[in-house]
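To start, the structure under review is shown below, and the notes come after it.
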Amino acid sequence: MVASSILKERVRRLPETPGVYLMKDRLGSVIYVGKAKSLKKRVSTYFQPSRAFTRQPKIRALVEMIRDFEIIEVKSEPEALILEGHLIKKWRPKYNTDFTDDKRFLLVRVDQTRVLPRFTLARFKKEDGARYFGPFPHAQHIRKTLAEMRRQFGVLLSDSNPKTLEGGKYRLYEDVRAELYGFDNIVTREEYLLRINEACSFLEGKSREWLADLKEKMAVAAEKKHFEKAAELRDIIFALEASLKKTRKFERDVRVKTDTLDALKSLQKELELNVLPTRMECFDISHISGTFVVASMVHFENGRPNKQQYRRYKIKRFEGNDDYRSMEEVVGRRYRRLFDEEKAFPHLVVIDGGRGQVGAAIKSFLLQELDPPLVIGLAKKHETIIFPDEREPLRLPLRNEGLQLLQRMRDEAHRFANTFSADLRSRKISESLMDDFSGLGPKKKLLLMERFKSIEKLRRASLDELTTVEGIGAKTAKRLKEFLDTNERK
């Protein structure tokens, strides 16, 4: 890959801070996600690659495909590690190998409804009433932290087997060393729950006294030249501090703002849904007299657009204008892929159209033997909601918050589809004009359009800018400039 002067200049302006970078191909698709201690130093290696860097064929292929990049700054390396894993799971880039086994960072779980709650490790947070702490990017640190919490607070871990005694008391450990830990091994439930609260406060970072005490003991041990003990305490302190270091959560906040919450509750009630529709998707078909037929899908989470989940589709299985077949195709492609990737379906699917389009969407699920979520249509005439079953069409008041949310989704899907259709038309027009310019092969035409995006931007480009494109020399640039100027005047 020969990096353009614009990309090289962007690299020079990058910050020397931790973060995550996303490499993209000529279509704008994310093909690699990486983390960096210094974004500037790390990203620059892709645009000035050494022989050692590109020795592996896979890395060489990745470098050759990069046409753009994006960065996300964070506050620390652990945050970068967490965000990197989150984005790899989200986009599954072609050239990433780490995190693809769908492992997740560890969480600490404690179920306080149990008689004697215990601290366990988990990879997934469930809606089960338990308290979760984390995520913790370093497994070895959090495991050491839990072991030290047992010694400090006298709490139970996953492998504990407490024994019930008479008088409402419990023996926490059969381990003879338990008597040396500095806590009572025989307790009542009430006494034990106080320990759980202390341990939870520590995991929340609210109690630093223990760390201060350990640091003091380490200093005393070092002063007395008990170096092995000091080293042991140093490792414990490091693990505890690494576990307690605050890292931001990059998953979308599940708390919904009041205005959208009211809209979602309205939809749940009016559409007779069993759950609050916090995940919704809307489809739209766009074309001009049967040409440039495309489709769009927009994704809303908690009543807000999540543009990273938007998708656009070219119709592949037939030519011409048939909204029903187009809808059947794109809905089928979307949910077959989600099913194959074992990803959750949305709570509600909205179709821009009436009964015919809704029927086509339902047909796509049935043909692939997939269980559909609720699919509804939003017909423009009177903004009527169409159901796929025997229910009568529903007309909500125009001021209804739920209806207004559906309208926002429908309008966003329409905008996204029209933008895609316009891009295709512009690209086709550009390609047609460039076909009339002699002496320029398909590869060079593609590189020019990737660099300048449109004929108008290509017209405005200077001779120096044209020659930054691989294979375009000074003579060709001058001829191309004269050709575009002539065609503009006609």
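The values are calculated or read from the model by the stated rules, or taken from the named source; none is laboratory data. The shown structure was predicted, so the numbers you read here are calculated from the model rather than taken from an experiment. Every residue, glycine among them, receives a Cβ derived from its backbone with ideal geometry; neighbour counts consider all protein chains shown.
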Does the range 422-430 contain at least one residue that is part of a helix (DSSP H, G or I), polar (S, T, N, Q) and modelled with pLDDT under 75? yes
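Filter the range 352-370 down to the residues that are in contact (Cβ under 8 Å) with a residue 24 or more places away in the chain and part of a loop (DSSP other than H, G, I, E, B) and list them by number. Walk me through how you get there before you give the answer.
To start, the set of residues in the range 352-370 that are in contact (Cβ under 8 Å) with a residue 24 or more places away in the chain comprises 352-365, 367-368, 370.
Listed by number, the residues that qualify are GLY353, GLY354, GLN368, LEU370.
Answer with yes or no whether VAL349 is part of a strand (DSSP E or B) and either among the basic types (Lys, Arg) or crowded, with 17+ Cβ neighbours inside 10 Å (or both). Spell out the reasoning first.
Details: part of a strand (DSSP E or B): yes; either among the basic types (Lys, Arg) or crowded, with 17+ Cβ neighbours inside 10 Å (or both): yes.
It is true that VAL349 is part of a strand (DSSP E or B) and either among the basic types (Lys, Arg) or crowded, with 17+ Cβ neighbours inside 10 Å (or both).
Just checking, which of LEU396, LEU403, LEU378 is aliphatic (A, V, I, L, M), surrounded by 11 or more Cβ atoms within 10 Å (Cβ to Cβ), part of a loop (DSSP other than H, G, I, E, B) and in contact with a helix residue (DSSP H, G or I) (Cβ under 9 Å, 6 or more places away or on another chain)?
LEU396
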Among (1) touching a residue at least 60 places away in the same chain (Cβ under 8 Å); (2) under 19 Å from the mean Cα position of the chain (by Cα), there is one condition SER296 misses while meeting the rest; what is its number? (2)
So how many residues does the range 452-485 have that are touching a helix residue (DSSP H, G or I) at 6+ places or on another chain (Cβ under 6 Å), farther than 14 Å from LEU440 by Cα and part of a helix (DSSP H, G or I)? 5
Filter the range 318-346 down to residues that are within 19 Å of GLN357 (Cβ to Cβ) and among the hydrophobic types (A, V, I, L, M, F, W, C) and give me whichever is farthest from the chain's Cα centre (by Cα). PHE318
Which one of these does VAL350 not meet: (1) touching a Cys at 6+ places or on another chain (Cβ under 7 Å); (2) at pLDDT below 95? (2)
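Suppose the filter is at pLDDT 90 or above and touching a helix residue (DSSP H, G or I) at 6+ places or on another chain (Cβ under 6 Å); does VAL30 pass it? Lay out the reasoning, then the answer.
Working: at pLDDT 90 or above: no; touching a helix residue (DSSP H, G or I) at 6+ places or on another chain (Cβ under 6 Å): yes.
Answer is no for this residue.
Conditions tested, residue by residue: (1) more than 29 Å from PHE136 (Cβ to Cβ); (2) modelled with pLDDT of 80 or more.
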{"position": "LEU39", "(1), (2)": "no, yes"}
{"position": "SER50", "(1), (2)": "yes, no"}
{"position": "ARG55", "(1), (2)": "yes, no"}
{"position": "LYS58", "(1), (2)": "yes, no"}
{"position": "ASP68", "(1), (2)": "yes, yes"}
{"position": "GLU73", "(1), (2)": "no, yes"}
Between a residue in the range 315-337 that is at positive phi and any residue that is surrounded by fewer than 19 Cβ atoms within 10 Å (Cβ to Cβ), which pairs come within a Cβ distance under 8 Å, given they are 6 or more apart or on different chains? GLY320/GLY290
Number of the exception - THR113 against (1) assigned to a loop (DSSP other than H, G, I, E, B); (2) of a type in the set (Ser, Thr, Tyr); (3) surrounded by 18 or more Cβ atoms within 10 Å (Cβ to Cβ): (3)
Looking at the range 431-458, I want the residues that are aromatic (Phe, Trp, Tyr) and have a partner that is modelled with pLDDT of 70 or more with Cβ atoms under 7 Å, at least 6 apart or on another chain. Which pairs are those? PHE437/LEU480; PHE437/PHE483; PHE452/LEU458; PHE452/ALA461
Of all residues in the range 358-375, which are surrounded by fewer than 22 Cβ atoms within 10 Å (Cβ to Cβ), more than 18 Å from THR278 (Cα to Cα) and among the aliphatic types (A, V, I, L, M)? ILE362, LEU366, LEU367, LEU370
Scan ILE315, ILE362 and give me the residue that is more than 24 Å from GLU383 (Cα to Cα) and more than 26 Å from the chain's Cα centre (by Cα). ILE315
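Identify all residues within the range 132-165 that are part of a strand (DSSP E or B) and buried (at least 16 other Cβ atoms within 10 Å of the Cβ); write none if there are none.
Hits for the range 132-165 are PHE133, GLY134, PRO135, PHE136, LEU156.
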Scan the range 106-138 for residues that are modelled with pLDDT under 75 and within 28 Å of ARG337 (Cα to Cα) and report the count. 0
